[in-house]
Structures are given as structure tokens and as C-alpha cells.
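Below is one structure, written out as C-alpha cells, with a few remarks after it.
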Amino acid sequence: MFSGFMTNAWIVATMVAVVAGVVGLFVVLRGDAFPAHAIPNGAFAGAAGAALIGANELLGLGVFAVAAALTIGWLGRRGRHDVVTALALVMMLALGAAFLSHTTEYSQEIFSLLFGEVLGVSTTALAPVALLGAGCLIAVGALYRPLLLSSSLPDVAAARGVHNHLIEMAFLVILALATAMTVPVVGSLLIFSLMVGPPAAARVLASRPSRAITLSVAIALLTAWFSIASSYWSNWPIGFFVGVYSAAVYGVAKGGALLHARLRAPTPVLAVSAAA
Amino acid sequence: MTARSLTEGPPVAPVLAVDHASVVLAGRRVLDEVSFTVAAGQFTGLIGSNGAGKTTLLRAILGLQRLSGGRIDVADGSGRHRAIGYVPQKVVLDPDLPMRARDMVELGIGGNRLGFSLPSRARRARVDELLAAVGAQGFADSRVGRLSGGELQRILIAHALIGQPRLLLLDEPLANLDLSSGQEVVELLHRIATEHQVAVLLSAHEINPLLPVLDRLVYLADGRAVTGTVDEVVRSDVLSALYGHHVDVLRVHGRVLVVVGPGSDDGDKVAPHDAIEVG
Amino acid sequence: MSWLFEPGFFSSAQVHTALIIGGVTAVVSASIGVFTVIRGQSFAGHALTDTAATGGSAAVLVSINPLVGFLAGAVLGAGAMEAVGVRHVRSRDLATGIVLGASIGLASLFLYLTTTTTATTGATQEILFGSIFVTAPSTVPVVIVFGVLAVLVVAAGFRPLLLTSIDPDLAAASGLRVGVVELAYMAALAFAVGLSSIAVGAILSTALLIGPAATALRLTKRIVAAVALAAGLGVATTWLGILVAYDSADWGAGHDTLPVSFCIVGLVFVLYLVSGLAFRVSEGARAARRSPSRPGAAPRMSSGSS
């Protein structure tokens with residue numbers, strides 16, 4: 001499982017999980033689950049388009065994902081955010097379908113694009129994926145404080161000179177780039193599971209931002225590794241395990257927290273104070 | 001109850017100077033040539049019923065709302081623009097937000113600047129100092145999304161103050177607090193104003209909780225304003241002129257009761273229940 | 001007129017089926033969609049199309065009627081989201097995301113098993129993208145019947161649904177059983193989505209649910225007018241899209257046809273964008289028409305400085 005052609009899978013999965021853990025925490029904090037689901041579909045269209053004209057797949061992924069992000073960010077200021085995200089999503093999927101209908105893509109390749117393929121990354125692609133990942137992490141680091149502020153106290157952020165809409169745009173672009181690097185392994189339909197489940201679990205378990213990020217990355221790594229191992233052994237698609245494990249991890253964390261809270265708070269007893 | 005007057009001293013430039021500020025939104029004059037100043041250490045109340053223009057004025061001072069006329073100047077000792085601490089009205093936080101109260105206060109230091117900060121003892125000490133100043137040590141390590149209204153209020157004040165602003169703006173800080181919490185906040189703010197020489201401007205639709213500590217007030221009605229001390233402004237003749245129809249001011253046991261009747265001319269309708277202010 | 005309607009358009013049985021199914025789906029989707037947009041639940045609406053697709057892929061795997069699978073998937077998905085979800089908007093989206101992720105994961109498993117255990121290929125494309133042109137004519141009566149049912153449910157529960165969507169507290173205060181209304185709405189939504197997913201594919205299902213409704217709501221604030229307008233826009237874009245897709249077979253040498261989903265979604269998207277422009281232009285005109293100042297009724301007094 002760790003030899004030869006699987007090495008790439010482990011390396012890429014590790015990079016993917018780290019980026020998904022970091023970026024995903026802010027996805028959850030900002031309530032951007034829908035764009036996180038929609039933007040990878042842009043990536044899907046990009047990959048299909050790249051295949052159509054014979055261009056580099058990663059490039060196609062990146063360009064279209066960023067285009068989707070910018071569309072959602074720009075239109076979202078004028079219209080309703082969730083409506084714009086939904087329409088951008090279906091437009092991208094339809095575009096992808098249109099590209100695909102003109103190619104001779106095999107079903108298998110479409111499936112891999114959507115649901116992930118453990119062996120989906122060649123050695124030559126490792127370096128650009130790593131660069132992209134590093135870029136995302138650096139960008140998040142640079143925007144860390146304004147991101148936290150605008151995510152939790154948008155009014156105060158605005159008063160202090162933070163351009164909330166610029167931060168939102170920048171974050172969506174970071175999300176798009178993170179998507180582009182992760183899609184080949186985890187698939188366009190499921191990368192967002194990794195960016196939602198583990199970070200959501202981390203947010204429940206950690207009470208300070210730095211710990212939440214660390215925990216988010218740790219949980220994402222475990223999820224990714226277990227998904228690869230499970231996929232290797234069962235031959236089932238890796239996307240299935242990512243989706244199910246991410247949901248399970250959140251369920252356990254949230255359930256545990258609720259249980260913990262109920263155990264800690266004693267059953268309220270009616271207290272009668274002595275009359276003054 | 002008499003309002004405090006400024007201590008004598010050489011005239012200083014006010015921290016906040018609003019000069020004939022007007023704002024027109026969708027054809028409606030939301031603010032109409034409002035003028036007043038706030039000096040360091042002064043506790044000023046912005047009083048008015050809902051829809052009178054309080055939030056618009058605060059936003060204009062923060063630079064978030066463009067003026068249609070007039071100007072607003074906020075001065076800082078070093079000449080730097082916009083050293084304003086702001087506590088907004090409605091802050092809704094996710095109960096699971098992974099941020100402790102002290103983390104939110106720390107975000108007040110450079111939270112608007114890029115990058116992130118490594119842990120530092122000096123910064124932690126400063127955060128502890130602010131937490132003590134607002135009396136929040138008891139819940140400093142609790143999740144900020146789980147705090148009660150009053151507790152969150154203190155944290156937001158600490159967050160606003162840690163940047164050492166010269167002007168502190170609060171939008172309806174008493175709106176969702178019970179009476180005793182409200183009193184505590186008012187006392188806290190007054191202490192902050194006098195001890196740290198911060199100009200405090202807060203908006204409210206009830207004047208009575210503020211009476212003990214108000215230096216001056218700005219009374220807003222339909223976008224127009226009257227400013228002065230409580231004794232100068234809260235009078236039948238002054239408020240009647242402001243509202244455009246008869247207003248009665250009653251003093252009951254040291255509290256003020258302003259009674260505005262239904263509008264006589266359709267341009268300035270003010271609903272009775274909006275304008276009756278009881279302590 | 002032959003440049004507009006390529007030969008065979010009106011006589012093709014495939015086209016007839018497509019027009020009817022597309023039209024009915026558009027009307028049903030638009031009716032429910034207006035409420036979905038008002039409630040800000042576009043994510044939930046879209047998520048249900050994906051859970052429906054999961055159900056559909058399960059059905060294909062065990063060789064039962066896909067329609068049953070799509071409907072079951074939508075209903076189960078709605079149930080799961082209700083169970084996990086919470087009042088707070090951000091938590092609701094999070095819950096939707098988690099359920100969606102698990103559901104898509106399941107779909108990938110079903111589709112994989114289908115391709116490996118049975119001899120079916122192309123199941124992925126069919127389930128997810130669907131094609132209005134390949135829907136069997138035998139599904140038409142089923143679609144129409146269920147579609148009419150869904151519209152009747154919405155029409156019957158119209159007023160309570162509107163009230164609980166706009167102001168749940170007021171609705172509860174006026175004696176409405178908000179929980180029941182919400183449940184009925186989710187059920188109707190699940191039904192409508194399940195149906196449209198199998199009829200026109202998962203992509204189109206979301207587009208027809210959200211697009212025409214959002215466009216209509218930008219153009220009018222009155223609900224009945226919005227529903228009527230949304231239905232009209234939905235049908236118009238669907239039929240026009242079908243026409244364009246049909247015609248595209250004959251454009252230029254060596255051109256493949258444009259997929260009908262692409263044509264319809266493209267029209268829906270463009271229509272939404274155009275309505276946004278029109279909305280802003282009309283807002284600007286309205287603001288300019290109003291006079292910028294009123295004569296002051298009272299003398300102003302500023303006893304000014306410190």
C-alpha cells in the first residue's frame with residue numbers, strides 16, 4: 001500500500017488534507033459551505049474544457065475555479081448570495097457537460113474527475129500541486145487577522161477599515177485555488193466534504209483559533225489517510241470514504257460535545273432564596 | 001440631577017466635530033444639518049427614537065456612510081485619522097465559534113492589519129489589563145459565542161478600547177440589556193471616559209439610564225438635532241421646536257418623561273409610543 | 001420559418017415528450033422555487049437534487065424503477081437535513097453540507113458498483129446530467145400527475161407558507177403550526193425536486209427551481225405575480241432551450257449538438273443577469289425621480305460647540 005505508485009497518492013493526500021484543513025476552517029467560520037461546494041464544479045468544467053482543447057488539466061481546473069469564485073463574489077454583492085451560488089454552480093456543471101459532449105471522454109475519466117481517483121496525480125504534477133498548496137497557505141496566513149475579524153465581527157471590521165467584500169473575494173479565490181489542487185485526487189464533488197466535516201468537528205472541539213486550525217488539519221489528515229487506505233483495500237471510490245468519514249467525524253465531535261454539555265450541567269433545581 | 005460640566009482648562013480641539021452634516025437616502029433627508037462636538041473625556045448621549053437617524057449618524061462618523069453635505073472630523077493626537085473604537089448594536093455569534101473572549105479582545109490589536117501575530121507576553125498582559133478594566137476576568141476563557149448579552153458587551157468594549165482610541169462609539173448598547181446590566185455598563189463607560197480621557201458617544205432611545213453621567217446630549221428627531229447639556233436640551237420649548245409640534249417634558253422623581261403627541265402636520269409624524277420615554 | 005425551427009421539430013415525438021415534461025417540470029419547480037428563494041434555502045434545494053441523484057443511482061444498482069429511487073432519495077435527504085439542521089442560518093448550511101457530502105459519497109459508491117457489477121456504462125452521466133430528450137414517453141403521465149399534485153399542495157398551503165417564510169414569529173403568534181407548515185413545505189420540495197431530477201437531470205432541476213423564481217422576485221414583489229412570472233419564465237426558457245438544442249444539430253459542419261441542459265441553464269442564467277441590470281436601472285430612475293429635499297417644518301436649533 002505504501003510502495004511505488006501509491007507513494008504519490010499519500011504525498012498528495014497529505015498536502016490536500018493540510019490545505020483543506022486550513023482553508024476549510026474559514027469556510028466553516030464564514031458559512032461558505034455552499035460556495036465551497038459550487039466552486040469545485042467550476043473546476044470540473046475547467047478540466048473538461050482543458051481536455052477538449054488539449055490543454056493542461058491543472059491549468060483548466062485553476063482558471064475555471066477562479067472564474068467561478070470571482071463570479072460568485074462579484075454577483076453575490078448585488079444579488080442574493082445563495083441564489084448566485086446556485087446559478088453559478090449549475091452554469092458550470094452545464095458548461096462541463098457541454099464540453100464533455102464534444103470529447104471522447106470515457107465514463108471512467110468523468111467518474112474520476114467527479115469522485116476522485118487515488119492514482120490521479122502523476123509525479124510531474126506533484127511540484128505544481130505543492131506550489132499551489134503552499135500559495136494557499138501563505139495567502140491564508142497573510143489574511144489571517146482580517147479574515148478572523150470580518151468572519152466574526154463584520155460591522156467592527158468595516159469600522160476599522162477592513163473591506164469586507166475584498167476579503168470575501170480574496171477568500172473565494174483562495175478557495176478556488178485550494179480546490180484546483182485537490183480535485184484530481186479527491187474529486188470535484190467531494191473536496192468540499194474535506195473542507196467542511198473535519199473543520200466543523202475541530203471548531204466544536206477547540207475553543208481558540210490557533211488550536212482549531214491545528215485540530216482541523218489533524219482531523220483532515222486522518223480522514224484523508226483513512227480514506228486512501230480504505231479505497232486501496234476495498235477498491236471502492238475514494239470519494240465515498242471521504243464523504244462518509246467526514247460526516248462521521250463531525251457527527252462524533254458534535255455528539256460528544258452535546259453529551260459533554262449535558263453531563264456537566266446538573267439538572268436545574270428550583271432554588272428558593274430566603275426572603276430579604 | 002444636574003449634568004456635569006467640563007472642567008476648566010485651555011481650549012482643546014474636540015475629538016469629534018460634526019459640522020452641518022446631512023445625509024440624503026432615497027430622496028429622504030435622514031440627517032439634516034447636524035452639528036455638535038465631543039471633547040476628550042466627555043460622555044455624550046445621542047438620543048432619539050427609532051428611525052430618527054442615530055445609526056446613520058454613527059455610520060457617517062465611522063466613514064461608512066457618505067455625507068450629502070457638511071463634514072465630520074475625527075482627530076487623533078498624533079494626527080492619525082480614524083482612531084475610533086466601535087461597538088455595534090446587533091452582534092450575533094455562532095455558539096460554536098472557536099474563539100475565547102480573550103481572543104476576541106486580542107483581535108482588537110491590529111485585527112485589521114494583514115498577517116498574524118505570534119504569542120507574546122506583552123500582548124497577553126495588555127489583554128489581561130483590558131479584561132480587568134471591563135470586569136471580564138471571570139469569563140475570559142469562555143467561548144465568545146456563549147456569553148450573555150452583558151458579558152459580550154464588555155468584551156466588545158474591551159476589544160474597542162485595546163487599540164487606544166480617542167473616540168468610542170456605541171450603537172444602542174443598552175438596547176438588549178436588563179436594567180442592572182445596563183447601569184453597570186453605563187458606569188463602566190463613564191469610568192473609561194474620565195479615567196482614560198476617551199470621548200464617548202453612545203446612542204440610545206431612552207435618556208434616563210444615562211442621566212447620572214451625561215455631560216452633554218445630542219437629541220435627534222427626524223434627522224434634525226439639538227445639542228447641549230441635559231438642562232439646556234430637555235425642555236418643552238426646545239423639543240417642541242425640534243419635533244415641530246407640542247412636546248411636554250415632565251420631571252418625575254428625578255427622571256425625565258418626554259411626551260410627544262401624534263403629529264399635527266403629516267410631514268413630521270411621530271408615533272406616540274415611539275416618543276414616550278420613561279425611566 | 002425554417003431557419004428558426006429546424007425540420008422535424010414539431011413532428012418529432014422526442015421533442016413532444018421533452019416539451020411536455022420540461023414544461024410541467026418548469027411550472028412545478030418555479031412554484032416551489034419562489035418560496036425556496038424567499039426562505040433563502042437555495043443550498044437545501046440544490047442539495048436535494050443531489051440526494052435525489054443518490055437515490056436514483058441506488059435504484060439503478062438494484063434495478064428498480066429510478067423514479068422511486070429519485071423520490072426516496074429526495075425525501076430521505078430532506079429528512080436528514082431536518083434532523084441535523086438548526087435554526088441558525090450558518091449551522092443550517094453546515095448541516096446541509098455534511099448531509100450532502102455523505103450523500104454524494106454514497107452516490108459514488110452506487111455508481112461504481114453499478115459499472116462494475118452490471119454491464120451498464122454511462123450511468124454517471126445519465127443520473128447526474130440526465131437528458132430531457134431521452135426520457136421515455138411512458139413517464140409523461142406520471143410526471144404530469146405528480147406535478148399537478150405538487151402544485152395543488154403549494155396552492156392550498158399558499159398563505160400559511162408565505163407567512164412562515166417571511167415572519168415565522170408572527171406566524172406562530174397568529175396560531176399557525178409553524179412546524180407542520182415547514183414539514184409540509186420540505187415534503188413538497190423533496191417531491192418536486194425528486195420528480196424534476198429524474199425528468200430533466202440533477203443540474204437542470206436546480207436551475208429551474210432557483211433561476212426563474214429569483215428572476216421573477218427581482219421584477220415583482222407580489223407573490224402571486226412572482227409565481228406566475230416564474231412559471232412563465234421557466235416554461236419559456238425550457239422550450240427555447242429545447243429548440244436551440246434541437247437546432248444546433250444542423251449548425252455548421254461537424255458540429256455536435258449542444259446538450260439541452262446547457263442551453264436551458266444558459267438561458268436561465270442570462271435571464272437572471274439581465275433582470276439584475278434592469279432592476280438596478282429602474283431603481284436608479286426611481287431614486288432620481290424623487291425630490292432630494294423636503295421643506296423644513298421647524299426652525300433648527302443647534303446650541304453648538306463645547
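Each reported figure results from applying straightforward, stated rules to the coordinates on display, with no laboratory input. Please read all numbers here as calculations on a predicted model, not as lab measurements. Quick reminder, even Gly has a Cβ in these numbers, built from the backbone with ideal geometry, and neighbours come from all protein chains shown.
Could you quote the convex hull projected area for the stretch B:109-179, Cα atoms only and averaged over all directions, in nm²?
Computing the convex hull of the Cα atoms and averaging its projections yields 5.9 nm².
Connecting C-alpha atoms closer than 10 Å in a GNM of chain A, tell me which of A:Gly251, A:Gly24, A:Gly187 has the biggest fluctuation.
A:Gly251
Return the single residue from A:Ala36, A:Ala261, A:Ala55 with maximal mean-square fluctuation; model: Gaussian network over chain A, springs between Cα atoms under 10 Å.
A:Ala261
Suppose we flag trypsin sites (Lys or Arg not before Pro) only when DSSP calls them loop and at most 10 other Cβ atoms lie within 10 Å. Which is the longest uninterrupted stretch of chain B?
B:91-279
For chain A, set up a Gaussian network in which alpha carbons nearer than 10 Å are linked by springs, and say which option among A:Ala130, A:Ala98, A:Ala159 fluctuates the most.
A:Ala159
Would you work out the Kirkwood radius for the stretch C:17-210? I mean one over the mean of 1/r across all pairs of different Cα atoms, in Å.
16.8
How high is the relative contact order of chain A, in percent, with contacts defined as C-alpha pairs under 8 Å that are six or more residues apart?
Value for chain A: 30 percent.
Hey, got the average number of other protein chain Cβ atoms within 10 angstrom for residues in C:204-212?
So the per-residue partner count for this stretch is 4.
Note the angle between two axes, namely the Cα long axis of helix A:33-53 and the longest principal axis of the Cα atoms of chain A, as a number of degrees from 0 to 90, rounded to the nearest 10.
The helix A:33-53 is inclined about 10 degrees to chain A.
Rounded to the nearest 0.05, what FRET efficiency is calculated for A:Trp10 and C:Ser138 with R0 set to 60 Å and r the Cβ-Cβ distance?
Working from the Cβ atoms, E equals 0.75.
Using only Cα atoms, what Kirkwood radius does the stretch A:5-192 have, in angstroms?
16.6
When all alpha-carbon pairs of chain B are counted, what percent fall beyond 28 Å?
Looking at chain B, the distances longer than 28 Å represent 38 percent of pairs.
Based on Cα positions only, what radius of gyration and what Dmax would you give for the stretch B:214-261, in angstroms?
Cα only, the stretch B:214-261: 10.3, 30 Å (Rg, Dmax).
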